[in-house]
Amino acid sequence: MRRRRLRLGLYADEEGLAWVEGLIEAAVGSRSARIVGGTVARTDDDGLDFLAEQWSVEHPGGSGGARQPVELDVHLVCSLRTWRAIRKAVLAALCPEGSAPHTCRVPWTVG
């Protein structure tokens, strides 16, 4: 087993960040993997500005509140196959499936 990373860009407040971390913990806990570290970095990087724009489009007239761009970097120990399964489970849980227009609870991107 090797050390692997799951990196996400998020537009989240503390509640949204905790929700995403819970999704990751659930995906890891149901597989033969473990979290060995990670970081959450608030960023003013223009590279995540589109997430705030996505929020405003999906919630017209709504306030972003305390949401801000953050980079979540989770370090895992697992096989490549397990990492792929975890990543797939997390991404599926982040946003509803289907081709119909929908809104994500926390706008995100994979880093």
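For the reader, a short list of remarks on this structure follows.
- Computed from the Cα positions only, the extents of region 2-110 along the three principal axes stand at 44, 32, 22 Å, in decreasing order.
- At an R0 of 25 angstrom, the distance between the Cβ atoms of R2 and D73 translates into a FRET efficiency of 0.95.
- Cys residues of the chain counted as unpaired, since no other Cys beta-carbon is under 4.7 Å: C78
Read the figures in this text as sums done on the coordinates, not as results from a lab. Quick caveat: nothing in here was measured; it's all calculated off a predicted structure. All Cβ positions, even for glycine, are placed from backbone atoms using ideal geometry, and neighbour counts span all protein chains on display.
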